[in-house]
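The values are calculated or read from the model by the stated rules, or taken from the named source; none is laboratory data. Given the structure is predicted, the values throughout are model-derived calculations rather than measurements. A quick note on method: Cβ atoms are made from the backbone with ideal geometry, for glycine too, and the neighbour counts reach across all protein chains shown.
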Amino acid sequence: MRFAVVGGGIAGLSAAWELTAATGGRAAVTVYEPGHLGGKLLTSDFLGRPVDEGPDAMLTRVPEGLALCAELGMDDELEAVRANRALLFTGGKLRPLPEGLVLGAPAKVLPLARSGILSAGGVGRAALDVVLPRSKQARSDRASDTSVYSLVATRLGPEVAERLVEPLLGSIHAGSTRQLSAAATAPQLLAAAQANRSLIAGLRATTRARPPSGPASPLFVAPRRGMQALADRLVERLTDLGTSFAPVMVSSLHRDQRSVVIEPHGEHFDGAVMALPAPVAFSLLGPVLEQGAAPPLAAMKFVSVAVVTLGFETAAVDGPVSQGDLSGVLVAPGSGLMMTACSLGSNKWPHWAGPGTAVLRVSVGRAGEQSWAALDDEDLVERLCGELETVLGRRPAGLTAPLAWRVSRWPASMAQYEVGHLEKVASAKAVLARDVPMVSLAGASYSGVGVPACIGSGRRGAKELLAAAEALGLPAS
Ligand SMILES: Cc1cc2nc3c(=O)[nH]c(=O)nc-3n(C[C@H](O)[C@H](O)[C@H](O)COP(=O)(O)OP(=O)(O)OC[C@H]3O[C@@H](n4cnc5c(N)ncnc54)[C@H](O)[C@@H]3O)c2cc1C
C-alpha cells in the first residue's frame with residue numbers, strides 16, 4: 001500500500017506514524033510538507049533556552065499526547081508545568097481567578113463573589129441559576145448547537161459570559177464566545193447544562209468527578225527541549241521506518257481509476273490523509289468533488305495571532321515572577337489593551353528558567369481585534385512593553401527595555417469552531433465518503449485545536465484510510 005499525507009504538522013506526522021506503526025512499516029508513506037516539519041510546533045533558542053514560538057504545552061486530560069510520547073520513548077523527557085495559577089486583568093485591575101472554574105464558568109458562587117471580578121448585581125444574577133427553571137435553550141441544545149455566550153449568559157447572566165468565559169475560552173481559540181459553538185468548544189458546559197436544571201450544580205458535579213492535578217498528575221506537560229522535540233522525534237522514527245518527506249506544496253489531488261494522484265508531480269497513491277486547514281484541503285480536493293459539492297467547512301474562518309517573547313532582568317518583573325506558582329495573566333476583552341494574555345514562561349517551565357533573567361510570552365490577536373497586525377515588530381514590542389507596565393504595575397527597573405525580544409506571527413492560524421461546527425464536520429466527511437473514500441481529513445480544523453487532539457485526529461484519519469483499504473481488499477504491502 002502507498003499512502004500520502006498532505007501537511008507535516010503534528011496531525012500529519014501522527015497520521016504517518018499510525019500508518020507505519022499499524023502496518024508494521026509495510027505501507028510506503030510520503031509526507032508532503034513545503035515548510036517546517038512539525039508545523040506550529042516550533043522551538044528556537046531564546047536567551048540560550050529552548051523557547052517555543054507556537055504551542056508550549058500539552059493538556060494531559062486529552063490522552064493522545066501522553067500516549068504518543070510513551071510510544072516514542074519520550075516519557076522521561078517530559079516536564080510538568082510548575083505554575084498553575086492565573087490572574088485576570090479586568091476593570092483596570094489584576095484579580096485572582098476564583099477556584100472551581102470550568103472554562104470560565106463557575107462551579108461555586110462564594111469564590112466568585114470574593115474574586116471582585118463581577119459586580120454585586122452580576123454575582124446575584126449568577127446565583128439565580130440555582131433557582132431558575134431549566135432553560136428551554138438547554139433542552140433544545142440536545143438537537144441543535146448554540147453559542148457559548150448564549151448558553152452561559154442564559155443561565156449565569158452576561159457578566160459571567162463577558163468577564164470570565166470570554167477571556168478564558170478566547171485565550172484558547174482567539175475567538176468570540178458569541179460565535180463559538182458550545183458543542184464543539186465547551187462540551188463540558190453544554191453537557192452540564194443539559195443534564196441539570198442548574199448549570200452551577202452541573203459544573204460542581206463535573207469538578208468533583210475530576211482527579212485533582214498536582215505534581216504527580218500535572219495538568220500540562222512539555223518536552224524539556226520544547227514542543228518541537230516531539231515533531232523531531234516523530235520525523236526521526238518515521239525516517240528509520242522508511243517514510244519519505246517531500247518538501248513540496250501540493251497543488252491538487254485527483255483520481256485515476258483506483259489511485260489518488262497528487263499534483264504537481266502526478267504521483268499515484270492508494271489513499272491520502274489531508275492534514276491541513278479545511279479550506280486548503282477542500283480547495284486541493286476540488287477536482288475530485290462532485291460539481292459544487294465543497295461542504296460549508298470549506299469557508300471556515302481562521303484568526304491570526306502572534307506571540308511576542310520578551311526577556312527581562314528578573315528585577316524588572318520580580319513582583320509577579322517571585323510568585324512562583326503564577327503562570328500568567330489573561331486580559332479581558334474591552335480592557336483597551338492589545339495583548340490578550342501574558343504567560344510567565346520561566347515560572348511555568350524549568351527549561352525556560354535561568355539565573356537573573358525571566359522569559360515572558362505575550363499573546364495578541366483575537367476575533368475582531370487585529371490592529372496589532374498593522375504594527376511592525378519594533379512598534380509591536382514597544383506597545384506591548386507599555387501594556388505590561390499597565391498590567392503588572394510600573395516597576396522601578398522598568399519594563400520598556402527588554403534584554404531580548406522576538407515576534408512570532410501566526411497568520412490565519414486559529415480555527416474558529418462556529419455554531420453548527422460539528423454538523424459541518426459530519427457533512428464534510430459525508431462528502432468525502434461519497435466522492436473519494438480513499439481520502440481522510442485530519443488536523444485542527446475538525447475535532448479540537450489542542451496538540452493532543454490533533455494527534456488523535458491524525459491517527460484517526462490514518463485508521464479510516466487503513467479500514468477503507470481493507471474494505472477494498474488492497475494488499476498490505
Ligand atoms: C501561537 C499558538 C499557540 C498555541 N498554543 C497551544 C498550546 O500551548 N497547547 C496546545 O495544545 N495547542 C496550542 N496551539 C494549537 C496547536 O498548536 C495547533 O492547533 C496544532 O499544532 C495544529 O496542528 P496541525 O497539524 O493541524 O496544523 P499545522 O501545524 O498548521 O500543520 C499544517 C501543515 O500543512 C502544511 N500545508 C499547508 N498547505 C499545504 C499544501 N498545499 N501542501 C502541503 N502541505 C501544506 C503547512 O505548511 C503546515 O505545516 C497553539 C497555536 C498557536 C498558533
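Residues in region 294-306 include at least one that is surrounded by fewer than 14 Cβ atoms within 10 Å (Cβ to Cβ) and without any contact (Cβ under 8 Å) to a residue 40 or more places away in the chain.
In this structure, Q323 does not satisfy being among the polar types (S, T, N, Q) and in the same structural domain as S252 (by TED's automatic domain parsing). Any chance region 333-353 includes a residue that's of a type in the set (K, R), more than 16 Å from the ligand (Cβ to nearest atom) and surrounded by 14 or more Cβ atoms within 10 Å (Cβ to Cβ)? No, region 333-353 contains no residue that is of a type in the set (K, R), more than 16 Å from the ligand (Cβ to nearest atom) and surrounded by 14 or more Cβ atoms within 10 Å (Cβ to Cβ).
Please go through region 383-393 and give me each residue that is surrounded by 13 or more Cβ atoms within 10 Å (Cβ to Cβ) and more than 16 Å from the ligand (Cβ to nearest atom), ordered by number.
R383, C385, G386, E387, L388, E389, T390, V391, L392
Entry remark, region 394-444: residues being touching a strand residue (DSSP E or B) at 6+ places or on another chain (Cβ under 6 Å), of a type in the set (K, R) and buried (at least 19 other Cβ atoms within 10 Å of the Cβ) number 1 in total.
Applying the selection to region 1-15, what residues are more than 6 Å from the ligand (Cβ to nearest atom) and either crowded, with 20+ Cβ neighbours inside 10 Å or part of a loop (DSSP other than H, G, I, E, B) (or both)?
Answer for region 1-15, where residues must be more than 6 Å from the ligand (Cβ to nearest atom) and either crowded, with 20+ Cβ neighbours inside 10 Å or part of a loop (DSSP other than H, G, I, E, B) (or both): M1, F3, A4, V5, L13, S14, A15.
Is one or more of the residues making up region 74-88 more than 9 Å from the ligand (Cβ to nearest atom) and either without any contact (Cβ under 8 Å) to a residue 40 or more places away in the chain or assigned by TED's automatic domain parsing to the domain that holds A275 (or both)? For region 74-88, residues more than 9 Å from the ligand (Cβ to nearest atom) and either without any contact (Cβ under 8 Å) to a residue 40 or more places away in the chain or assigned by TED's automatic domain parsing to the domain that holds A275 (or both): present.
Of all the criteria given as (1) within 15 Å of the ligand (Cβ to nearest atom); (2) part of a loop (DSSP other than H, G, I, E, B), the one not satisfied by V280 is (2). The residues listed here are E18, E64; of these, the one that is closer than 19 Å to S445 by Cα, buried (at least 21 other Cβ atoms within 10 Å of the Cβ) and within 16 Å of the ligand (Cβ to nearest atom) is E64.
Looking only at region 27-61, residues that are farther than 13 Å from F220 by Cα, hydrophobic (A, V, I, L, M, F, W, C) and near the ligand (Cβ under 8 Å from one of its atoms) come to 2 in all.
Filter region 348-384 down to residues that are out of contact with any strand residue (DSSP E or B) (no Cβ under 7 Å at 6 or more places or on another chain) and either assigned to a helix (DSSP H, G or I) or modelled with pLDDT of 95 or more (or both), then give me how many there are. Can you show your working first?
So in region 348-384, the residues out of contact with any strand residue (DSSP E or B) (no Cβ under 7 Å at 6 or more places or on another chain) come out as 353, 355, 368-369, 371, 374-376, 378-379, 382-383.
Applying the additional criterion that residues be either assigned to a helix (DSSP H, G or I) or modelled with pLDDT of 95 or more (or both) yields 371, 374-376, 378-379, 382-383.
Adding up the residues that qualify gives 8.
Within region 395-417, residues that are more than 19 Å from R361 (Cβ to Cβ) reach partners that are of a type in the set (S, T, Y) and modelled with pLDDT of 95 or more with beta carbons closer than 8 Å, at six or more positions or on different chains, in the pairs A412/S304; A415/S445; Y417/S181; Y417/T185.
Check region 439-448 and report whether any residue there is aromatic (F, W, Y) and outside any loop (DSSP other than H, G, I, E, B). So far as region 439-448 goes, no, none of its residues is aromatic (F, W, Y) and outside any loop (DSSP other than H, G, I, E, B). Cβ-Cβ contacts under 7 Å between residues 6 or more apart (or on different chains), taken from a first residue in region 216-235 that is assigned to a helix (DSSP H, G or I) to a second residue that is of a type in the set (F, W, Y) and within 14 Å of the ligand (Cβ to nearest atom), are listed as L234/W17. Just to be sure I understand, how many residues within region 440-477 are more than 14 Å from the ligand (Cβ to nearest atom) and within 18 Å of A275 (Cβ to Cβ)? Residues in region 440-477 being more than 14 Å from the ligand (Cβ to nearest atom) and within 18 Å of A275 (Cβ to Cβ): 7 in total. Being within 16 Å of L101 (Cβ to Cβ) and away from the ligand (no atom under 16 Å from the Cβ) holds for only one residue in A183, A205, and it is A205. Among the numbered conditions (1) assigned to a helix (DSSP H, G or I); (2) modelled with pLDDT of 95 or more; (3) hydrophobic (A, V, I, L, M, F, W, C), the only one that A430 does not meet is (2).
Being touching a Pro at 6+ places or on another chain (Cβ under 9 Å) and either assigned to a strand (DSSP E or B) or closer than 30 Å to E313 by Cα (or both) is a property that A401 lacks.
Reported count of residues in region 310-324, each being closer than 16 Å to L47 by Cα and either free of Cβ contacts under 8 Å to residues at least 24 places away in the same chain or among the hydroxyl-bearing types (S, T, Y) (or both), is 1.
Of all residues in region 313-329, those satisfying the criterion of being within 27 Å of the chain's Cα centre (by Cα), on the phi < 0 side of the Ramachandran plot and of a type outside the set (A, V, I, L, M) are P320, Q323, G324, D325, S327.
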